[in-house]
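First up is the structure itself, then whatever we jot down about it.
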Amino acid sequence: KKYVYLFKEGNAEMKAILGGKGANLAEMTNIGLPVPPGLTVSTEACTVFYENDKNLTDEIKEQIDAALLHLEEQTGKKFGDQDNPLLVSVRSGAKFSMPGMMDTILNLGLNDQTVLTLAEKSNNSRFAYDSYRRFIQMFGDVVLEIEKYKFEGVLDRFKEDNGYVDDTQLTVENLKDIVEEFKAIVKKERRIDFPQDPKEQLMYAINAVFMSWNNPRAITYRNLNEIPHDIGTAVNVQSMVFGNMGDDCGTGVAFTRNPSTGEKKLFGEFLINAQGEDVVAGIRTPKSIDELSEIMPEIYKQFEDITQLLEKHYRDMQDVEFTIEQGKLYMLQTRSGKRTVHAALRAATEMVDEGLITKVEAIQRIEPKQLDQLLHPNFDPETMKAATPLAQGLPASPGAATGRVYFNAEDVAKAVADGEKAILVRRETSPEDIEGMIAAEGILTSRGGMTSHAAVVARGMGKCCVAGCEMAKVDEELKLFIIGDVRIAEGDYISLDGSTGKVYKGSIKTVKPELSGNFGILMNWADEVRRMKVRTNADTPREAQTALDFGAEGIGLCRTEHMFFDEERIPVVRRMILSTSTEQRVQALDLLMPMQKGDFKGLYKIMKEKPVTVRLLDPPLHEFLPTEEKDIVALAKDFDMQVDELKAVIHSLQEINPMLGHRGCRLAVTYPEIAAMQTRAIMEAAIEVSKEENCNIIPEIMIPLIGIQAELEYVKKVVVETAEKVKEENNSSLEYSVGTMIEIPRATLIADEIAKEAEFFSFGTNDLTQMTYGFSRDDAGKFISEYREKDVLPEDPFQSIDQEGVGKLVALGVKLGRTTNPDLKIGVCGEHGGDPKSIEFFHKTGLSYVSCSPYRVPIARLAAAQAVL
Ligand code: ADP
Ligand code: MG
Ligand code: MG
């Protein structure tokens, strides 16, 4: 089996075997670019290395030897040769770019002999000894794992003793002394003489690269980026070229287009007389690539031609590394360039105009999740540098926020009314906190996961939220929170990054991004391609408008409970709950009806004929009752009740497992008058707005939490009877449809029965995930992160749908549902409706639409298009 490839034997398609770096070096070699020759030890060799107890097999060693012979022939140089020594770089490179792996080793092959030859041949002893000391330093650090500071300390001492500021001021004599000291460090730390045999140096280095595949940093990185652990890394061994031989030498990095704006213009930096990482290490200030055209016009021209050729060849923006040795240009790396979403959008649309790529490719070039960056404020990068992260929570809702902390909704509202910027900090939020959440710049909670109340509501509002920050000990009574030994009290400034989950002390400036024309262009292309519709979850006209602006085609989920929490209404809602007879309850509901109707009219006025699915009341009633003593006392007084009597009622409503309790359609079965009131509000609103706006609204009424077909029959009867009555009263022929949420596992199993009664299904994948796993979604955050670390769960099933299990239920529900009702419209309205990976799955499963929070609508539009391609 072939484990070792010369650069000229590979190509760009071979990334899995040669790694990204190796495959592209091969490709550049084969299209005739000046690449120093080299060889790649394959990723498959890495796998064999681990199977063989972390040793290279003889077979692989022999192939390396044979390839080295080729390399020596190609370069006319030889390992350890007295006259013409071969020096190489050893560079790791997996299929996916992976920081955290072993650093590159340069100048391998130098020893006490070859350093003399190098000095003589280059007529530059300083260069030779500088290269040697760099080699020992890199080898010592990455192969022998001697702490970096031990070497750096020596350099610093030399500079200090001689009053130098810059490494370049070190003299040949200094460097010779440094080399000796470095060798002594190796001897002392590892009890070996610094290896002098180049072959031995190389074998050590290759081993170290393979070993670094499983260092903790690399493992963490792979976990974070969902890169498999078994694909291994390749090792590239490449003959050295030197950018540090004098003033006709240099090294640099460049992008074919500007990676932050996308502008089509070379963007990059270089240093004269420098090697390797000097440019990025920040030791000397690099020059802009433009200046190369003045310093070395011919090289610049050649470089420009090569980069343009590369861009045409790869049909994408490239990020290249190059070195100039004595007036000759060498290409050392190319890969597709990482870019901001702004740059990605501009480059993609401009490349279509240039005829470089097709629209379909442009759509595929944008990472849907990246769009988040566009839609939310970010931290100002300059101010960010000085910021200290305090703690890590869950990145629950993207964006950046800064402000003074307050510990309850009222205080936030007060502060904001006084013109302050506020952050709401709570252990967890509940619907009572809505006003504070609206007023706050951002929300921090110490409990709850990605689908906790705070997270869901914040995403809906497009507000920054860090949830489940368990490190923060929040005391809402004392109005402070503690992280480690840092105490943050009411009025102190903190900053939140909802995209990373980081919490910072102090205030950091935020900047609001602007939507460019390129965004609109690309979104339109995506709309031309996708099959699934994209709706939004919206409860208020404002959310509905935001979602419309982002291109939503309807409302897939309007939750009615938030409407009940309004300050004015809560007393009426409580009266309704505390009613002891149906008459009393109906009286209270009669008061609520016009308010609800007003809510729906507000939504219909904005949505017009676009579909709006309204879900009947879902949460258990006790959520609407007060929990704190003083509030209970006040309420009792209001209602003319004994405090004890009220407490008894509250107690009777309390449940041990509210998520599995008296909620959803179960409320409608026990209190049909609530469902009737809501239906009336919906129907009257639709009839009135249809007239006012001269349009034809078709309400969609959705019954939640169905698990038994007769439940649906029962509630549907109430809904239909009420709706027909309203139509009769108004002499209206308005159409409407009644459907259900599929969110209880049992419902998926009998979906064929349910579909006989339901005109549409909407998968509530939050509840479905919760109930399929038996994970409480409000508590699971605590152990899911640990499950992920221990590889028990590959990812959080509340964020990306578990295709294997929960997804199977969804697919079954779709299949069964359509057997009895072929025209069944089927959507999804859980958090997964905005997750690109889940969207791809829903497309494949044959759903008609996804519904997600307003700020995720563009992401869903793009992901739904990519799912088709
Ligand atoms: P990374 O993956 O961290 O970018 P590389 O393997 O690309 O690491 O190496 C880093 C730098 O080392 C390169 O940008 C280049 O400047 C230098 N380098 C690597 N190989 C050679 C070589 N054969 N000759 C000269 N410089 C090299
Ligand atoms: Mg590189
Ligand atoms: Mg639900």
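Of note:
- The single condition from (1) within 25 Å of residue 567 (Cβ to Cβ); (2) more than 14 Å from ligand 3 (Cβ to nearest atom) that residue 615 fails is (2).
- Test: residue in the range 158-180 that is within 30 Å of residue 41 (Cβ to Cβ) and either hydrophobic (A, V, I, L, M, F, W, C) or surrounded by fewer than 20 Cβ atoms within 10 Å (Cβ to Cβ) (or both): yes
- Restricted to the range 509-543, and to residues there that are aliphatic (A, V, I, L, M) and buried (at least 21 other Cβ atoms within 10 Å of the Cβ), the residue that is nearest to residue 442 (Cα to Cα) is 538.
- Within the set 466, 474, the sole residue that is assigned to a strand (DSSP E or B), in contact (Cβ under 8 Å) with a residue 12 or more places away in the chain and buried (at least 24 other Cβ atoms within 10 Å of the Cβ) turns out to be 466.
- Residue count for the range 104-141, restricted to those that are in contact (Cβ under 8 Å) with a residue 40 or more places away in the chain, within 11 Å of ligand 1 (Cβ to nearest atom) and out of contact with any Gly (no Cβ under 8 Å at 6 or more places or on another chain): 4.
- Criterion applied to 856, 818 was being more than 29 Å from residue 708 (Cα to Cα), basic (Lys, Arg) and part of a helix (DSSP H, G or I), and the one residue passing it is 856.
- Residue match in the range 346-358 (condition: within 30 Å of residue 473 (Cα to Cα) and either under 23 Å from the mean Cα position of the chain (by Cα) or more than 16 Å from ligand 3 (Cβ to nearest atom) (or both)): no
- Being in contact with a Leu (Cβ under 8 Å, 6 or more places away or on another chain) and closer than 30 Å to residue 688 by Cα is true of residue 607.
- Count of the range 224-253 residues, restricted to those that are among the polar types (S, T, N, Q) and within 15 Å of residue 94 (Cα to Cα), is 3.
- Qualifying residue in the range 646-653 (condition: assigned to a helix (DSSP H, G or I), within 16 Å of ligand 3 (Cβ to nearest atom) and not aromatic (Phe, Trp, Tyr)): no
- Look at the range 89-100: where a residue is at pLDDT 80 or above and a partner is in a loop (DSSP other than H, G, I, E, B) and away from ligand 2 (no atom under 12 Å from the Cβ), sitting 6+ places away or on another chain with Cβ atoms under 6 Å, you get 89/240; 92/102; 95/231; 96/227.
- For the criterion of being surrounded by fewer than 24 Cβ atoms within 10 Å (Cβ to Cβ) and either in a loop (DSSP other than H, G, I, E, B) or modelled with pLDDT under 90 (or both), residue 447 passes.
- Number of the condition not met by residue 89 [criteria: (1) of a type outside the set (Val, Ile, Thr); (2) part of a helix (DSSP H, G or I); (3) within 16 Å of ligand 2 (Cβ to nearest atom)]: (2)
- When the criteria are applied in full, residue 393 fails the requirement of being on the phi > 0 side of the Ramachandran plot and either among the small types (Gly, Ala, Ser) or surrounded by fewer than 22 Cβ atoms within 10 Å (Cβ to Cβ) (or both).
- Considering residues of the range 811-869 that are of a type in the set (D, E, K, R) and at pLDDT below 95 only, the residue farthest from the chain's Cα centre (by Cα): 823
- Scope the range 24-76; condition in contact with an Asp or Glu (Cβ under 8 Å, 6 or more places away or on another chain) and polar (S, T, N, Q); matching residues: 47
- Subset of the range 318-353 that is without any contact (Cβ under 8 Å) to a residue 60 or more places away in the chain and more than 16 Å from ligand 2 (Cβ to nearest atom) - its residue that is surrounded by the fewest Cβ atoms within 10 Å (Cβ to Cβ): 353
- Restricted to strands (runs of 3 or more DSSP E) entirely inside the range 483-599, those with at least 2 residues that are closer than 25 Å to residue 459 by Cβ and at pLDDT 90 or above are 493-497, 502-505, 533-537, 555-559.
- Which listed residue, of 804, 840, is outside any helix (DSSP H, G or I) and closer than 20 Å to residue 766 by Cα: 804
- Residue in the range 759-769 that is hydrophobic (A, V, I, L, M, F, W, C), crowded, with 18+ Cβ neighbours inside 10 Å and in a loop (DSSP other than H, G, I, E, B) present: no
- Restricting attention to the range 726-757, the residues that are within 29 Å of residue 594 (Cβ to Cβ) and either within 16 Å of ligand 3 (Cβ to nearest atom) or assigned to a helix (DSSP H, G or I) (or both) total 8.
- Condition check for residue 241: within 14 Å of ligand 1 (Cβ to nearest atom), in contact with an Asp or Glu (Cβ under 8 Å, 6 or more places away or on another chain), hydrophobic (A, V, I, L, M, F, W, C) and closer than 23 Å to residue 121 by Cβ: yes
- Filter pass, residue 184 being surrounded by fewer than 21 Cβ atoms within 10 Å (Cβ to Cβ) and without any contact (Cβ under 8 Å) to a residue 40 or more places away in the chain: yes
- Among (1) without any contact (Cβ under 8 Å) to a residue 60 or more places away in the chain; (2) β-branched (Val, Ile, Thr); (3) farther than 26 Å from residue 624 by Cβ, the one test that residue 698 misses: (1)
- Only one of 708, 750 that is aliphatic (A, V, I, L, M), away from ligand 2 (no atom under 16 Å from the Cβ), at pLDDT 95 or above and touching a helix residue (DSSP H, G or I) at 6+ places or on another chain (Cβ under 7 Å): 750
- Qualifying residue in the range 689-697 (condition: in a helix (DSSP H, G or I), on the phi < 0 side of the Ramachandran plot, crowded, with 21+ Cβ neighbours inside 10 Å and modelled with pLDDT of 95 or more): yes
The values are calculated or read from the model by the stated rules, or taken from the named source; none is laboratory data. This structure is a prediction, so every number in the text was calculated from the model and none was measured. Here Cβ is always computed from backbone atoms with ideal geometry, including for glycine, and neighbour counts include all displayed protein chains.
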